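One structure is given here, and the rest of the page talks about it.
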Amino acid sequence: MSQQWQKMLQIDSRPSDDKDMLEKVSDEIHSEQCSVVYSPQGGGSKPEKPHGFILFACIGSLVLSLFLAALDIMIVVSLVEDVAKKFNGYSKTGWIFAGYSLPNALLALIWGRLACVIGFKTAMLLSIVIFEIGSLVSGVADSMNMLIGGRVIAGIGGSGLQSLCFVIGSQLVEESKRGIVIAYLGSAFGVASIAGPFLGGAFTTHATWRWCFYINLPIGGVAFFVFLMFYNPEGKGSLRNSLKATWTHLKLVKKLKTLHGWIAFANELAFRFDIIEFILCTAGTVLILLALTFGGNEYRWDSAAIIVMLVIGICLCIAALVYDFYLFPRLPTVKQNPQYSPLLVWPLIKKPGILTPTLGVFFVCAAYMCQLNYIVQFFQLIYNQSAWKASVRLIATMIPTILTVVISGVVNSKFGFVKPIAVLGGISAVVGGGLLTLLTNRSDSSDHIGLLILPGIAFGATIQSGLVSVQLQVDKTSPSAHADFVSVTTLNAFSKDLGFAFGGVICDTVFSVSVANKLHGNGNTWPIHSSNELISYRGEYFDGPRSKMGNLISNSIRNVFYMALGLSAIGFLFNLFTSNKMVDLSPHPKVDEESSISST
């Protein structure tokens, strides 16, 4: 790689810009950065797979980094009520989840491109730093808007952690062992799912909810150090080369003094990072979620503001898809440069083996976030339990998640099965979602535990099988095998996090609208007219779980579970059409994978 740096430095020293040479050298650096998976010796023509302690240390660093990102999703489940009371903004609490999950989703594809430019190690370290900044802002927030802003910053960093961890981890081993590695990474999510609500509840009840974000600072520091020390895809010079790549690209800023420099910069943004699609998709998704947040709360559903946001949001999302699927590949610049490709690659997405599990992951994750959020709300609002006690209930959901992920990984590696796991996840999602609709303020203790098991199994089976399935669809003999592998892996992260964001907002919308309708339709004798007022009033005048207000809250939460059941049913249909392709358990995948990777 040193020859590329010398070429770039020589260009940098020239008095005038050579646009074509800049793009050529940038493409060479991009290709080499993206193709190196792990090469302890450095300089070899083929990347080598790590073994023994090196492999263990690499996976360990990834697990710790992913734990950090996953913890921030789950730890906030238990602080919703306290934050809503403090900032008087219950209708916005969905954005505590969506503010983190939405950038997680939208930036997942961008982080894959950025890592190919500056190196995967540098990109991961940058992700941790951004995540830590967001956690600090969230911890010191003095308003709901500032808290949401901090969550957005943390979500930008968390997006890099979640997407890059699975890309790096999946390529540290051969295909036959990939299921085990994904299971290890998925188990980090499962452990965070238990530790997050538990720690969040303890902090919120016995200290302050702000520690739910402060705790990320020391954990993030450890994750940064471990990853810095042990993940060295190019041997001892790994970090140095990645930093050189970053510095070399930063030096290209000087080229902006000329017109050709601006053209080259615009080409990078428009074609390597597909910034146009990103802007359209981001704006459209945010408008749709804002409409769902304010509809029925701040504004009537038939108000001009809500209708305009929904119509424009949907149109922008459609425009983003049309641009990536139809216009982008036909642009002359794209045809001349094989390094340029859209964030959403239609030849990949249109494959049933990639499309169906991706959509299955989206709908199951959306349903799971709804269930997870309102299981905690159920025990807090109906039984007046503390955040800590309510969060402990989630153990009945999280333990099945961890066990399912681990068992699924073993089944993938030993027998090669993927689709049976996906179908199991879909069935569990529907049955578990249906059982949760039976959870009321009159349910006994056995129902409180037993009804929470199947949603955990559904989530664990779906995220495991979904990722393995889309990776199996990549043609290892294709010249673009590695780029395609990164694309489908980040696409899976995109669908998962978008599902979390959508579920986090839509569940609060359903609950708030249900509460408002019941307050207006049942001869309301309370001095309350919205979900925000209901939460405050309930905390001050708790009158038991089976009171009239307890019935109102229970019925409203049941509506959330009905909505989650519908999402689960759609997810099951997509899981049912998952590809029958099995994991290659033969002893020769090393040749196929490495030759295809090195050819890029």
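The values are calculated or read from the model by the stated rules, or taken from the named source; none is laboratory data. Keep in mind it's a predicted model, so treat the numbers as computed, not measured. Cβ atoms come from the backbone with ideal geometry, glycine included; neighbour counts cover every protein chain shown.
Mind checking which residues of the range 448-459 are over 17 Å from the mean Cα position of the chain (by Cα) and in a helix (DSSP H, G or I)? Steps first, answer last, please.
Of all residues in the range 448-459, those over 17 Å from the mean Cα position of the chain (by Cα) come to 448-458.
Matches in the range 448-459: His448, Ile449, Gly450, Ile453, Leu454, Pro455, Gly456, Ile457, Ala458.
Per-residue answers, yes or no, for (1) among the basic types (Lys, Arg); (2) assigned to a helix (DSSP H, G or I):
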{"site": "Met398", "(1), (2)": "no, yes"}
{"site": "Ile402", "(1), (2)": "no, yes"}
{"site": "Val405", "(1), (2)": "no, yes"}
{"site": "Val410", "(1), (2)": "no, yes"}
{"site": "Lys414", "(1), (2)": "yes, yes"}
{"site": "Pro420", "(1), (2)": "no, yes"}
{"site": "Ser428", "(1), (2)": "no, yes"}
{"site": "Ser443", "(1), (2)": "no, no"}
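Test Ile153 against the stated conditions and say whether it is in a helix (DSSP H, G or I) and either at pLDDT 85 or above or in contact with a His (Cβ under 8 Å, 6 or more places away or on another chain) (or both).
Numbers: in a helix (DSSP H, G or I): yes; either at pLDDT 85 or above or in contact with a His (Cβ under 8 Å, 6 or more places away or on another chain) (or both): yes.
It is true that Ile153 is in a helix (DSSP H, G or I) and either at pLDDT 85 or above or in contact with a His (Cβ under 8 Å, 6 or more places away or on another chain) (or both).
Which ones in the range 460-499 are closer than 20 Å to Asp274 by Cβ and of a type in the set (S, T, N, Q)?
Ser480, Ser487, Thr489, Thr490, Asn492, Ser495
Here is a yes/no grid of residues against (1) in a loop (DSSP other than H, G, I, E, B); (2) among the basic types (Lys, Arg); (3) surrounded by fewer than 24 Cβ atoms within 10 Å (Cβ to Cβ):
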| site | (1), (2), (3) |
| --- | --- |
| Leu435 | no, no, yes |
| Ser446 | no, no, yes |
| Ala461 | no, no, no |
| Val470 | no, no, no |
| Lys476 | yes, yes, yes |
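Out of curiosity, is Ala183 more than 25 Å from the chain's Cα centre (by Cα), at pLDDT below 80 and assigned to a helix (DSSP H, G or I)? Don't jump to the end; show me each part of the working.
Working: more than 25 Å from the chain's Cα centre (by Cα): no; at pLDDT below 80: yes; assigned to a helix (DSSP H, G or I): yes.
Against the criterion (more than 25 Å from the chain's Cα centre (by Cα), at pLDDT below 80 and assigned to a helix (DSSP H, G or I)), Ala183 does not qualify.
Residue check: is Ala115 touching a Pro at 6+ places or on another chain (Cβ under 9 Å) and crowded, with 24+ Cβ neighbours inside 10 Å? Write out each step before concluding.
On the way: touching a Pro at 6+ places or on another chain (Cβ under 9 Å): no; crowded, with 24+ Cβ neighbours inside 10 Å: yes.
Here the answer is no, as Ala115 does not meet what is asked.
Residue-wise test of (1) at pLDDT below 85; (2) assigned to a loop (DSSP other than H, G, I, E, B); (3) not basic (Lys, Arg).
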{"position": "Tyr340", "(1), (2), (3)": "yes, yes, yes"}
{"position": "Leu348", "(1), (2), (3)": "no, no, yes"}
{"position": "Met369", "(1), (2), (3)": "no, no, yes"}
{"position": "Gln377", "(1), (2), (3)": "yes, no, yes"}
{"position": "Lys389", "(1), (2), (3)": "yes, no, no"}
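Kindly indicate whether any position in the range 386-393 is touching a Leu at 6+ places or on another chain (Cβ under 6 Å) and within 21 Å of Met369 (Cβ to Cβ). So that I can check it myself, show each step before the final result.
First pass over the range 386-393, keeping only residues touching a Leu at 6+ places or on another chain (Cβ under 6 Å): none.
No; the residues of the range 386-393 include none that is touching a Leu at 6+ places or on another chain (Cβ under 6 Å) and within 21 Å of Met369 (Cβ to Cβ).
Looking at Asn492, Asn555, can you tell me which residue is assigned by TED's automatic domain parsing to the domain that holds Lys86 and surrounded by fewer than 24 Cβ atoms within 10 Å (Cβ to Cβ)?
That would be Asn555, the only listed residue that is assigned by TED's automatic domain parsing to the domain that holds Lys86 and surrounded by fewer than 24 Cβ atoms within 10 Å (Cβ to Cβ).
Of the residues Phe459, Phe511, which is touching a Phe, Trp or Tyr at 6+ places or on another chain (Cβ under 9 Å) and within 17 Å of Phe362 (Cβ to Cβ)?
Details: Phe511 fails: within 17 Å of Phe362 (Cβ to Cβ).
Only one candidate qualifies: Phe459.
Confirm whether Gly160 is crowded, with 22+ Cβ neighbours inside 10 Å, among the small types (Gly, Ala, Ser) and part of a helix (DSSP H, G or I). Quick ask: steps written out before the conclusion?
Numbers: crowded, with 22+ Cβ neighbours inside 10 Å: yes; among the small types (Gly, Ala, Ser): yes; part of a helix (DSSP H, G or I): yes.
It is true that Gly160 is crowded, with 22+ Cβ neighbours inside 10 Å, among the small types (Gly, Ala, Ser) and part of a helix (DSSP H, G or I).
The rows are residues; the columns are (1) over 26 Å from Gly503 (Cβ atoms); (2) modelled with pLDDT under 80.
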| residue | (1), (2) |
| --- | --- |
| Gly235 | yes, yes |
| Leu239 | yes, yes |
| Leu243 | yes, yes |
| Thr246 | yes, yes |
| His249 | yes, yes |
| Ile276 | yes, no |
| Ala291 | no, no |
| Leu316 | no, no |
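Between residues in the range 331-352 that are over 14 Å from Ala320 (Cβ atoms) and assigned by TED's automatic domain parsing to the domain that holds Phe577 and residues that are assigned to a loop (DSSP other than H, G, I, E, B) and aromatic (Phe, Trp, Tyr), which pairs lie under 7 Å by C-beta distance while being six or more apart or on different chains?
Pro352/Phe577
Let me spell it out: the conditions are (1) buried (at least 17 other Cβ atoms within 10 Å of the Cβ); (2) assigned to a helix (DSSP H, G or I); (3) among the hydrophobic types (A, V, I, L, M, F, W, C), and Cys315 meets all of them except one. Which number is the exception?
All conditions pass for Cys315, except number (1).
Check Gly261 against each of (1) surrounded by fewer than 15 Cβ atoms within 10 Å (Cβ to Cβ); (2) at pLDDT below 75; (3) more than 25 Å from Gly499 (Cα to Cα) and name the one condition it does not meet.
Failing condition for Gly261: (1).
For (1) in contact with a Ser or Thr (Cβ under 7 Å, 6 or more places away or on another chain); (2) under 23 Å from Ala188 (Cβ atoms); (3) not assigned by TED's automatic domain parsing to the domain that holds Ser530, each residue gets a yes or a no:
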residue	(1), (2), (3)
Leu71	no, yes, no
Val76	no, yes, no
Val83	yes, no, no
Ser127	no, yes, no
Ile133	no, yes, no
Asn145	no, no, no
Gly149	no, no, no
Ile153	no, yes, no
